[in-house]
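Below: one structure, written as structure tokens.
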Amino acid sequence: MVGVSVTPIIALDVNSLGAALTLVERLGASARFYKVGSELFTAVGPKIVASLRARGLDVFLDLKFHDIPSTVAGAVRAATDLGVALTTVHASGGEAMLRAAVEAAGDRCRVVAVTVLTSLDGATVVDVFGRSGERNEERGKGVKIEAEVARLATYAHRAGIEGFVCSGKEAARLRASLGPSCTLVVPGIRFSDGPAHDQARTVTPTMAAQAGADYIVVGRAVTAATDPIAAMTRLSSELQLALKE
Ligand code: C5P
């Protein structure tokens with residue numbers, strides 16, 4: 001299901017305030033939404049969020065909280081106080097933790113759940129969590145990741161979560177099962193002729209839009225491009241075209 005708009009979020013995967021702001025200055029008006037992850041936030045602290053907000057930019061604080069409900073509620077409240085628009089928790093933190101996160105955010109910030117990290121395969125999920133969900137008959141062991149993602153997303157949705165991080169390969173299925181009001185955040189974006197780098201499950205901006213993404217998280221396809229502004233222009237054109245179809 002194609003959505004009405006897709007907003008690119010540029011990943012600031014650097015480890016200093018200077019490097020982050022250099023990238024932001026370079027992209028200028030072409031990018032209005034940035035992702036701050038664990039590396040940058042741990043290195044620099046809340047001042048990176050303050051610097052982005054002071055420039056009128058929106059922030060996705062991707063710290064993937066996973067702790068007891070009161071601690072996560074406090075962390076989400078602190079993130080919300082920083083003025084971030086999106087923040088992440090692990091769906092596997094349990095219903096009480098998810099409800100506490102949503103309540104702490106209120107209507108000031110959207111809590112987005114990470115289901116299964118894309119670095120985990122079906123066998124590792126079983127090693128970590130024990131056996132549950134669908135068997136992967138092809139491999140003879142482990143769980144089917146796609147089924148596990150859908151199961152965890154449904155669980156988190158019942159606990160009040162309205163936003164999900166998922167790969168472009170799973171977005172259409174989640175959109176169909178969770179409905180139009182959910183927010184889908186899709187990383188792993190690559191241009192059709194661009195390098196995959198270390199990513200295995202990539203989609204193009206067009207494919208992400210067609211699968212129903214609301215936000216796409218774009219890192220190296222823009223930040224490592226020889227001409228990042230040209231990459232942003234190409235990204236916008238692809239998205240506009242996909243949404244018109
Ligand atoms: O691969 P790329 O440089 O586009 O990654 C952009 C961002 O998306 C990175 O911060 C990475 O951690 C995040 N990402 C993610 N889940 C994935 C793939 C990438 O959160 N499956």
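General remarks:
- Within segment 163-218, the set of residues being under 20 Å from Lys144 (Cβ atoms), small (Gly, Ala, Ser) and not in a loop (DSSP other than H, G, I, E, B) comprises Gly168, Ala171, Ala172, Ala176, Ser177.
- Ala196 passes every criterion in (1) more than 29 Å from Ser236 (Cβ to Cβ); (2) surrounded by fewer than 21 Cβ atoms within 10 Å (Cβ to Cβ); (3) modelled with pLDDT under 85 apart from (1).
Table: residues versus (1) more than 19 Å from the chain's Cα centre (by Cα); (2) surrounded by fewer than 17 Cβ atoms within 10 Å (Cβ to Cβ); (3) part of a loop (DSSP other than H, G, I, E, B); (4) at pLDDT 95 or above.
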residue: Leu40; (1), (2), (3), (4): no, no, no, yes
residue: Asp62; (1), (2), (3), (4): no, no, no, yes
residue: Ala73; (1), (2), (3), (4): yes, no, no, yes
residue: Asp81; (1), (2), (3), (4): yes, yes, no, yes
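- Gly122 meets the stated requirement of being over 24 Å from Asp214 (Cβ atoms) and surrounded by 18 or more Cβ atoms within 10 Å (Cβ to Cβ).
- Residue list for segment 54-83, restricted to those being in contact with a Gly (Cβ under 8 Å, 6 or more places away or on another chain) and among the charged types (D, E, K, R): Asp62, Asp67
- Ser38 among the polar types (S, T, N, Q) and either in contact with a helix residue (DSSP H, G or I) (Cβ under 9 Å, 6 or more places away or on another chain) or touching a residue at least 40 places away in the same chain (Cβ under 8 Å) (or both): no
Yes/no per residue for (1) within 22 Å of Gly37 (Cβ to Cβ); (2) more than 13 Å from the ligand (Cβ to nearest atom); (3) not small (Gly, Ala, Ser):
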| residue | (1), (2), (3) |
| --- | --- |
| Ala147 | no, yes, no |
| Gly160 | no, yes, no |
| Gly168 | yes, no, no |
| Arg175 | no, yes, yes |
| Ile189 | yes, no, yes |
| Ser192 | no, yes, no |
| Ala196 | yes, no, no |
| Thr202 | yes, no, yes |
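- Flag for Val203 being at negative phi, of a type outside the set (Gly, Ala, Ser) and at pLDDT below 95: yes
- Once segment 177-187 is narrowed to residues that are free of Cβ contacts under 8 Å to residues at least 60 places away in the same chain and away from the ligand (no atom under 16 Å from the Cβ), the residue that is surrounded by the fewest Cβ atoms within 10 Å (Cβ to Cβ) is Ser181.
- All positions within segment 204-240 that are more than 12 Å from the ligand (Cβ to nearest atom), charged (D, E, K, R) and within 19 Å of the chain's Cα centre (by Cα): Asp214
- Annotation note: of Ser5, Ser30, Ser16, the sole residue that is over 30 Å from Glu170 (Cα atoms) and polar (S, T, N, Q) is Ser16.
The values are calculated or read from the model by the stated rules, or taken from the named source; none is laboratory data. Everything numeric here is computed off the predicted structure, so don't read it as measured data. Please note: Cβ atoms are built from the backbone with ideal geometry, for glycine as well, and neighbour counts cover all protein chains shown.
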